[in-house]
Amino acid sequence: GAVVSQHPSWVICKSGTSVKIECRSLDFQATTMFWYRQFPKQSLMLMATSNEGSKATYEQGVEKDKFLINHASLTLSTLTVTSAHPEDSSFYICSARADTSTRKETQYFGPGTRLLVL
Amino acid sequence: AQSVTQLDSQVSVFEEAPVELRCNYSSSVSVYLFWYVQYPNQGLQLLLKYLSGSTLVKGINGFEAEFNKSQTSFHLRKPSVHISDTAEYFCAVTLGGSNYQLIWGAGTKLIIKP
């Protein structure tokens, strides 16, 4: 149990275009979803936290107008990178947690999406 | 502020040897502790977690970790490693709160030599 999927796994786009990444919890309802960015050989950097039906909370330094997050249902959150530029190229990972008594502390991760902006 | 320190950025051992990956945290309150593994170009997989109870926690793939409150450590061990254990390992803690946000260590790259 606790499977999280991400789509697409790979995306290449031209500079100036927008890219949408989907994160789905497949077998549980995700009260909270997190979006991370990971640079090569580095740890995860939390970008934002989203709760279903609420606006996302962005970490300091993350542009909310550039990285649009929508958590419209208990199983789906999307991250849209608007007007992407080469410096947005990175590995984006989502995670999800559920407000159940047995797993509320635990984040379950998607497989990640590698974005390359040309 | 809370922080997580993984003392080794890289550990290299021979196959079938034991390994220990070290993790220390700083917090004045109770925490929940996690170890995650990341294989190349993949997301993170939960290895094990400590929430409460027995301080020795067993996880998947033969890994275990021991919570030591007095030393604020949560070291990961495996008695005999395999080539397939080559990966990046991350230690993380959460204080709880409304969303249980994780505070991450920098990661330890484990290299298994044949």
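Rg and Dmax, both from the Cα atoms of region A:1-113 and both in Å, are 13.5, 44. Note that the protein assembly as shown shows a convex hull volume over its alpha carbon atoms of 123 Å³ per residue. Per residue of B:36-43, other chain Cβ atoms within 10 Å of the residue Cβ number 5 on average.
Here the Gaussian network model covers chain A, with springs between Cα atoms less than 10 Å apart; of A:Q107, A:Q29, A:Q42, A:Q42 fluctuates the most.
What is the mean number of Cβ atoms from other protein chains located within 10 Å of the Cβ atom of each residue in peptide A:39-45, rounded to a whole number? What the average comes to for A:39-45 is 4. Using the Stokes-Einstein relation with a Kirkwood hydrodynamic radius computed over Cα pairs, the translational diffusion coefficient of region A:54-118 at 20 °C and a viscosity of 1.002 mPa s comes to 158 µm²/s. Note on B:A1 and B:E64: with the Förster distance fixed at 41 Å, the Cβ-Cβ geometry gives a FRET efficiency of about 0.90. Springs join every pair of Cα atoms under 10 Å in this Gaussian network model of chain A, and among A:T57, A:T78, A:T102 the largest mean-square fluctuation is at A:T102. Here is the short version for chain A: A:C13 have no other Cys C-beta closer than 4.7 Å.
Applying both filters, DSSP loop and at most 12 other Cβ atoms within 10 Å, to the trypsin sites (Lys or Arg not before Pro) of region A:1-83 gives A:K14, A:K41, A:K55. Could you check which residue among B:K49, B:K58, B:K69 shows the biggest mean-square fluctuation in a GNM of chain B with a 10 Å Cα cutoff? So, out of B:K49, B:K58, B:K69, the one fluctuating most is B:K69. Derived value for region B:21-114: Kirkwood hydrodynamic radius 13.7 Å. Basis is the mean of 1/r over every pair of different alpha-carbon atoms. Each residue in B:I112, B:I60 was given a count of other beta-carbon atoms within 10 angstrom of its own, and listing them fewest first yields B:I60, B:I112. Extending 7 Å from Cα along the Cβ direction at A:S54 and again at B:N41 yields two label points whose distance is 3.7 nm.
Laboratory data are not the source of any read-out in this text; all were calculated from the coordinates shown. Just so it is clear, the model here is predicted, and its values are computed rather than measured. In this analysis, Cβ positions are derived from the backbone assuming ideal geometry, glycine residues included, and neighbour counts consider all displayed protein chains.
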